[in-house]
Every structure is written in C-alpha cells, then in structure tokens.
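**Student:** I have a structure here, written as structure tokens, and I will follow up with some questions on it.
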Amino acid sequence: MTSKSEDDDLEAGRMPLMDHLVELRNRLVWSLLALLIGFGFCYYFAAEVYKILMQPLISAFGSVEGRRMIFTNPTEAFFTYLKIAFWGGIMLSFPVISTQLYMFVAPGLYKNERRAFLPFLLATPVLFTLGAALNYFFIMPLALRFFLSFEAPGGEGALPIELETKISDYLNLIMLLTFAFGLSFQLPVLLTLLGRVGLISSSGLRSKRKFAIVGVFIFAAIITPPDVISQVGLALPMILLYELSIFAVRAIEKKRDSEDEGDTS
C-alpha cells in the first residue's frame, strides 16, 4: 500500500494530456538535438572514426602491407562516411536519449520509484559500453581471422584467393554488430524493470530458462555473421546476463516482501 504523502507526490506529477504531449515534444527535441550534435561531431572526425573501426580488420590481417579497401560506386565512400557519422552520433547521444526517456516517465512515478529507477539509468550506458567493447576488442578480431583463414595463395592451375572487402560491407558489419552487442547487454535492465513492476518473477525466469537459452542462440544466429565464434560470443554473455537477471529479480521480490510485512505489522 502507498502512503498518503506518496499519493500526493504522484498526484502532483500528473499532467493534462496536452501537457504530456508538450513534454513528449520537448524530450524528443532534446534527444534529436543531442543526436544532431553527435552526428556533426562524428562527421568532423569521420576519418579518425574510420581508422578506429578499421583496427579489428588490421589486427586480423596482421599487416597492412599489400592490403586495401575498395569501393565500387562513386558515391559509396561519401555515404559510408555519413553512415559512420550517424552511427557515432547514436552511440554518443545514447546516454542523453535514455536520460530524456527517464525524465518523461519520471513524473508518473512515486518518489521512491524514481529513486529506484536511477540505478537502471546509470547501468544502461555502462552495459551498452561493455557489450560494444566485447564485440570490438574480442568478437570481431576472432571472427575476421576465421574468415581470413579461407584465403589461399594459389599455385599451379589455381588463382590465389584474397580478401578485398568493400568499405561499406565491412563498416556496415562492424557498426551493426557493435550496436547489436550494446543493445543485447540491456537484457538485465529490461528483465529487472519488468520484475520490479511485477510483470515477471524470478521463478518464472527460472522455469523458462531452457526456452530463453534456445531463444538467445536463435537471436545470436540472426544478428551475427554465419560463424560459430561470433554467435557463441554473443549468446554466452546473454545467457550469463539472463542468470544475473534472475538474482536481481529475486532480490527485488525479497525487498518487496519485507516491505509488505512491515506495512501489515
């Protein structure tokens, strides 16, 4: 049960429909502004961002001697730099966008619920960064080395097989996977929030564990390239995060039960 002061606090945060729409517009404007600033910043440093994104491929090559990137359309390199700037803008503005989302829903929460929501707000960019870093520093170099293992030097009666990847193909791959890994690491935040509002339970998560594992591997197979390294590299951390979510939801349930016992006593 909620106290009268908590009800008054919630009532004070309620707004008419028009005010909600104005508030939504303001939050969208701030989010869009953050995205545009991030886009402009990354476009100015697009060449440097390109070099950073190229490092996993350079690491897989072992040496850049005799290697090159190609583009087969006159506009391909230009639009690729625009994609780099937009991708970098999303990555940089992600904390701002998540903060604006929190500020939009906060007036509809009790004061104690707003305090409880803040750890999730802080955990979101941290987990996103961990997921993106896992792909950039570990998964991508391993997957690229696997694909490069199919190169052949050629010989009598055979032509050499050598990778000459398109700029857009490679950058689309690494940008997609980096963003996908970052979003996938939001799993404990999502499940814990659902547990906090009572939509799921720790016992339910435990009973659905085998279905979750199958679903995670299917998701990893769809998102990642068709190689075992990247698929397992995404699936295993997600399974670990799922297990951590069970403990987090259970801790919330214990705290809720103790609070209910205190109210009834």
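The values are calculated or read from the model by the stated rules, or taken from the named source; none is laboratory data. The shown structure was predicted, so the numbers you read here are calculated from the model rather than taken from an experiment. Positions of Cβ are generated from backbone atoms using ideal geometry, with glycine treated the same way; all protein chains shown enter the neighbour counts.
**Student:** Quick check: is even one residue across the stretch 208-216 closer than 18 Å to L173 by Cα and surrounded by 14 or more Cβ atoms within 10 Å (Cβ to Cβ)? Don't jump to the end; show me each part of the working.
**Tutor:** Initial filter on the stretch 208-216 (closer than 18 Å to L173 by Cα): none.
Among the residues of the stretch 208-216, not one is closer than 18 Å to L173 by Cα and surrounded by 14 or more Cβ atoms within 10 Å (Cβ to Cβ), which makes the answer no.
**Student:** Give the residue, chosen from L148, L118, L134, L122, that is surrounded by 14 or more Cβ atoms within 10 Å (Cβ to Cβ), of a type in the set (A, V, I, L, M) and either farther than 13 Å from I229 by Cα or more than 16 Å from the chain's Cα centre (by Cα) (or both).
**Tutor:** Details: L118 fails: surrounded by 14 or more Cβ atoms within 10 Å (Cβ to Cβ); L134 fails: either farther than 13 Å from I229 by Cα or more than 16 Å from the chain's Cα centre (by Cα) (or both); L122 fails: surrounded by 14 or more Cβ atoms within 10 Å (Cβ to Cβ).
One residue alone meets the criteria, L148.
**Student:** Another one. When you check S202 against the structure, is it over 17 Å from the mean Cα position of the chain (by Cα), modelled with pLDDT of 85 or more and hydroxyl-bearing (S, T, Y), yes or no?
**Tutor:** So S202 fits the description; yes.
**Student:** Residue pairs, Cβ under 7 Å, 6 or more apart or interchain, first in the stretch 250-265 and of a type in the set (D, E, K, R) and assigned to a helix (DSSP H, G or I), second at pLDDT below 80 and exposed (fewer than 12 other Cβ atoms within 10 Å of the Cβ). List them.
**Tutor:** D263/M1
Listed here are the residues, each with its yes/no results for (1) out of contact with any Asp or Glu (no Cβ under 8 Å at 6 or more places or on another chain); (2) among the β-branched types (V, I, T); (3) modelled with pLDDT of 90 or more.
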{"position": "A158", "(1), (2), (3)": "yes, no, no"}
{"position": "L163", "(1), (2), (3)": "no, no, no"}
{"position": "R206", "(1), (2), (3)": "yes, no, yes"}
{"position": "I218", "(1), (2), (3)": "yes, yes, yes"}
{"position": "T224", "(1), (2), (3)": "yes, yes, no"}
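**Student:** Right, here's the next one. Only one residue in F181, F185, F219 is aromatic (F, W, Y) and without any contact (Cβ under 8 Å) to a residue 40 or more places away in the chain, so which one is that? Write out each step before concluding.
**Tutor:** Details: F181 fails: without any contact (Cβ under 8 Å) to a residue 40 or more places away in the chain; F185 fails: without any contact (Cβ under 8 Å) to a residue 40 or more places away in the chain.
So the residue among F181, F185, F219 that is aromatic (F, W, Y) and without any contact (Cβ under 8 Å) to a residue 40 or more places away in the chain is F219.
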